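Asks: So that we are looking at the same thing, I have put the structure below in structure tokens.
What follows is calculated from the coordinates using simple rules that are stated; it is not laboratory data. Predicted, not measured: the structure shown is a model, and the values here were computed from it. Don't worry about glycine lacking a Cβ; one is built from the backbone with ideal geometry, like all the others, and counts go over all protein chains shown.
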Amino acid sequence: MIKKAAIYQGYDYYVSLPSSDQHFKERQFDHIALIFSKIYTLTPLLNHIQGNDYKSQGEKNRQARLKSQQMFVCDYFEFSETTKILLLDDIYTTGRTLYHAKDAIRKKGFKGRIDSLSIAR
């Protein structure tokens, strides 16, 4: 299935959604980056906002996921009007995580195309 994802070509930036520091410490690796780095050169455009009350999306019910606060901040990048970004994630449930990522990028003034690719829905 991941090999089929290789058809998503022609983007300027392939951005895996980062894990929280807490999840990284538990796993000792970033599973999303590890999976997608086999087929794309990843750009570390987003950082996870750390908070004391952070819970993973998998630990929340649908309503809590939809109400979750912004979890990403976008590093500064030089964007052109024709720049295309593909956001990469593992599981799409409510889409809230991807919307947070998109909003963080838009907050930096990016007006170009942003698409997403998730392994499962």
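Asks: Going by amide H atoms built from the backbone, whose H comes under 5 Å of the H on residue 39, apart from near neighbours?
Replies: For residue 39, no residues qualify.
Asks: Another question, then. At R0 = 22 Å, how high is the FRET efficiency between residue 37 and residue 9 if r is their beta carbon distance? Nearest 0.05 is fine.
Replies: Approximately 0.90, to the nearest 0.05.
Asks: To continue, here is another question. Expressed in nm to one decimal, what extension gain is obtained for the pair residue 121 and residue 77 from 0.36 nm per residue of sequence separation less their Cα-Cα distance?
Replies: Stretched fully, the residue 121-residue 77 segment lengthens by 12.9 nm.
Asks: Then there is this: Among 69-75, 82-88, how do they line up from the highest to the lowest mean number of other beta-carbon atoms within 10 Å?
Replies: Going by the mean number of other Cβ atoms within 10 Å, highest first, we get 82-88, 69-75.
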